Amino acid sequence: GQNIDQPTEMTATEGAIVQINCTYQTSGFNGLFWYQQHAGEAPTFLSYNVLDGLEEKGRFSSFLSRSKGYSYLLLKELQMKDSASYLCAVIDNYGQNFVFGPGTRLSVLP
Amino acid sequence: DAGITQSPRYKITETGRQVTLMCHQTWSHSYMFWYRQDLGHGLRLIYYSAAADITDKGEVPDGYVVSRSKTENFPLTLESATRSQTSVYFCASSGDQGDTQYFGPGTRLTVL
């Protein structure tokens, strides 16, 4: 079966660092995506990991451990505009379909 | 403008009526997808298409019909709407299998 877990909600302070975790158990693995979704808007692409390790892109970094079925998204120097939901998605064994986690709603407080 | 668009953005309908949600992309992407997003479930795949005239079921296809006669369009039809189909529907496209998916703005559908 397919199972992806993320914390439902997180709160952090402006300027701080926050780590959003994603654990997965899926039928095969061909890569993992992180998306950001502001309330009432479409998901937008943040990062992609297919090999173990850290991918850095500005204030955002994403880490993957395939052996542990685990990824995290690290957001540095938090800004108010980072208040959004963060979706983890795994590419399934067929290599074309995404399986999305339930999303983590992040609130950044002043 | 280039990109992916959906129409209508908001729709209210009644139980039993047929509703069609439209999706159009200008990137000539091969793959297109329909998702629904509900509180507590995240994004769930309804149908997808690998190319014109090729469609396949996703996780929650019951009650929905799709077609893809042209590469750029991927309409989703609810043949007889039910209240359980009240949701936000997102269309997405990607250039190849496993590539980044780009999402349309969504259609908020309410079935009374």
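Bear in mind that the values in this text are calculations on the coordinates, not laboratory data. Predicted, not measured: the structure shown is a model, and the values here were computed from it. Here Cβ is always computed from backbone atoms with ideal geometry, including for glycine, and neighbour counts include all displayed protein chains.
Here are a few things to note about the model shown:
- Restricting attention to the stretch B:78-92, the residues that are surrounded by 15 or more Cβ atoms within 10 Å (Cβ to Cβ) and over 17 Å from A:Q37 (Cβ atoms) total 4.
- In the stretch A:28-40, residue nearest to B:L109 (Cα to Cα) [restricted to those that are more than 7 Å from chain B (Cβ to nearest Cβ) and part of a loop (DSSP other than H, G, I, E, B)]: A:G40
- When A:E77 is tested against (1) more than 11 Å from the chain's Cα centre (by Cα); (2) assigned to a strand (DSSP E or B); (3) in contact (Cβ under 8 Å) with a residue 24 or more places away in the chain, exactly one condition is not met: (2).
- Criterion (touching a residue at least 60 places away in the same chain (Cβ under 8 Å), facing chain A (nearest Cβ under 9 Å) and buried (at least 16 other Cβ atoms within 10 Å of the Cβ)) met by exactly one of B:G42, B:G106: B:G106
- In the stretch B:73-100, of all residues being under 13 Å from the mean Cα position of the chain (by Cα) and not in a strand (DSSP E or B), the one that is nearest to A:D92 (Cα to Cα) corresponds to B:F74.
- Candidates B:D53, B:D62, filtered to the one that is away from chain A (no Cβ under 14 Å) and without any contact (Cβ under 8 Å) to a residue 12 or more places away in the chain: B:D62
- Across the stretch A:41-64, the qualifying residues are those that are closer than 16 Å to A:V108 by Cβ and outside any loop (DSSP other than H, G, I, E, B), and the one among them that is nearest to the other protein chains (Cβ to nearest Cβ) is A:L46.
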